[in-house]
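This report refers to the structure that appears directly beneath it.
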Amino acid sequence: MTAEEVNSEAQQAIPMEGEDISEKKDGGVLKLIKKEGTGSELPMIGDKVFVHYTGTLQDGTKFDSSRDREEKFSFELGKGQVIKAWDIGVGTMKIGEVCQLICKPEYAYGTAGSPPKIPPNATLVFEVELFDFHGEDLTDEEDGGIIRRIVTKGEGYTKPNEGSSVEVSLEGTLEDRVFDQRELKFEIGDGDTLGIPVGVEKALQAMEKGEESLLTVAPKYGFGMAGNSQFNIPPNATLKYKVKLINFEKAKESWEMNTDEKLEQSRIVKEKGTQYFKEGKYRQAAMQYKKIVSWLEHETTLSEEDEQKAKALRLAAHLNLAMCYLKVQEASQALENCDKALELDSNNEKALFRRGEALFGIKEFEQARDAFQKVLQLYPSNKAAKTQGAVCQRHIKEQHEKDKRLYANMFQKFAERDAKKEAEKPKEVKEPESSEHQNGTEMDIDQNAAQEQMAA
């Protein structure tokens, strides 16, 4: 009898017990609960789950164990990061639950197996314990500000992008109070005008058509410190949303547009950004101006006439971005955009002035003063530059005075320390010194005193 025949006979001899939890009810995944979990909540698609497991062949041969490594194993449920049986089985578990999963080859490693430990067509047995799970963090900073839990998986692989036209249904709640319940169409980037937080728009760009998700949105990505009077949302409120992406039409990417389309769309979003700016929505305005940069910054096939149009639009975008970042006190970003604007127009009055403001914002007062002085050299009638230059000079003077006091205190402490050490030294009886030596000593003391006075 061959090794494969022995293995097959051993597998057939072991009883297959447990509840069939496979979608097709074909006996592909059998689950047997060994220890009940707590609560009623189960992991959802996309949740990060934390488990311990031990995997064996049906004859009891162990091939892997996270417990042997003394380190929990984590993965995102339903994303195909593990064998199919795991996505199905762990999705039925509660926290604290221990279960046995018997997995047929087609729900495990199939006809190929996973050499050298798992042979072809192997039925596998896992003992799994679920310790914790939590939703997917959708923020770029991974600060937990937008947490998504997928109730119903969507279809396809494409997702909306900035500017996409989306059709959604949503329900917003705060502490079990429904404050917003609508079905609506809008363009991603315009949600703020409809009372839709940036966190929801960010989440929509991660969703597939038909997907329904639960979102937890922190204040930073919700209505912030201002709250929202329309929905009676207080400051710094964490919001819950149930969102379904019914349908969407993607906005054209840069590489999908020809020159005329890029120029036309740039003019449109420039006006949109200006409207946001007038309303005090500086971050939304910045998002519009960034589109212009992304569309036109690397465009190299323009005619001379179109090149001038593109340059004017890019210059306006960088100038406006600088102003937006100054408004939200992100001076380093403002400085970067001023420098970009000056690459396009080295003597641009607005760029030079805003560069001074940005340098002032990062407390580089001398450089800021020089920037305002350059504005005055080129544009003597700019009263604001003269005023700001004087403010910089005052800050420079205050900094010098502060430094002077700091150093004076340092020298005073050094002198006190040296005097203390001198006082603690044991005194020696010395022979009287000659008058010449004494005079020299007195001269040294006088010089030291003069030096200390200068240092002070």
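For region 149-168, the condition of being part of a strand (DSSP E or B), surrounded by fewer than 21 Cβ atoms within 10 Å (Cβ to Cβ) and acidic (Asp, Glu) holds for at least one residue.
Cβ-Cβ contacts under 7 Å between residues 6 or more apart (or on different chains), taken from a first residue in region 74-98 that is at positive phi and modelled with pLDDT under 95 to a second residue that is of a type in the set (A, V, I, L, M) and open to solvent by 30 Å² or more (accessible area, probe 1.4 Å), are listed as Gly78/Ile45. Of Leu214, Leu174, Leu170, all but one fail to be under 27 Å from Lys252 (Cα atoms), modelled with pLDDT of 95 or more and hydrophobic (A, V, I, L, M, F, W, C); the exception is Leu170. Contact map, region 58-72: first residue free of Cβ contacts under 8 Å to residues at least 40 places away in the same chain, second residue part of a loop (DSSP other than H, G, I, E, B), Cβ cut-off under 6 Å, separation 6 or more or different chains; the map is empty. With the requirement that a residue be open to solvent by 10 Å² or more (accessible area, probe 1.4 Å) and charged (D, E, K, R), what does region 97-112 give you? Lys104, Glu106 - these are the residues of region 97-112 that are open to solvent by 10 Å² or more (accessible area, probe 1.4 Å) and charged (D, E, K, R).
When the test is whether a residue is farther than 27 Å from Ala316 by Cβ and outside any helix (DSSP H, G or I), Lys363 passes it.
If you filter region 261-293 down to residues that are among the basic types (Lys, Arg) and within 10 Å of Leu321 (Cα to Cα), you find that the one that is surrounded by the fewest Cβ atoms within 10 Å (Cβ to Cβ) is Arg283. Among the residues of region 73-87, just one is charged (D, E, K, R) and open to solvent by 100 Å² or more (accessible area, probe 1.4 Å), namely Lys84. The condition (being of a type in the set (Asp, Glu) and either loosely packed, with under 15 Cβ neighbours inside 10 Å or free of Cβ contacts under 8 Å to residues at least 12 places away in the same chain (or both)) is satisfied by just one residue among Asp26, Asp47: Asp26.
If the condition is being open to solvent by 10 Å² or more (accessible area, probe 1.4 Å), closer than 14 Å to Leu239 by Cα and of a type outside the set (S, T, N, Q), then region 202-216 contributes only Leu214.
Pairing each residue of region 346-361 that is farther than 14 Å from Gln333 by Cβ and modelled with pLDDT of 95 or more with any residue that is open to solvent by 40 Å² or more (accessible area, probe 1.4 Å) and not in a helix (DSSP H, G or I), provided the two are 6+ apart or on different chains, yields C-beta distances under 7 Å for Glu349/Tyr379; Ala351/Asp345.
Looking only at region 246-260, residues that are closer than 19 Å to Ser303 by Cβ, touching a helix residue (DSSP H, G or I) at 6+ places or on another chain (Cβ under 9 Å) and open to solvent by 40 Å² or more (accessible area, probe 1.4 Å) come to 1 in all.
The values are calculated or read from the model by the stated rules, or taken from the named source; none is laboratory data. Just so it is clear, the structure is predicted and the values come from calculations on it, not from any experiment. Counting neighbours? That spans all protein chains shown, and the Cβs are built from the backbone with ideal geometry, glycine included. SASA here: full protein model, heavy atoms, side chains in, ligands and nucleic acids out. Shrake-Rupley method; radii C 1.70, N 1.55, O 1.52, S 1.80 Å.
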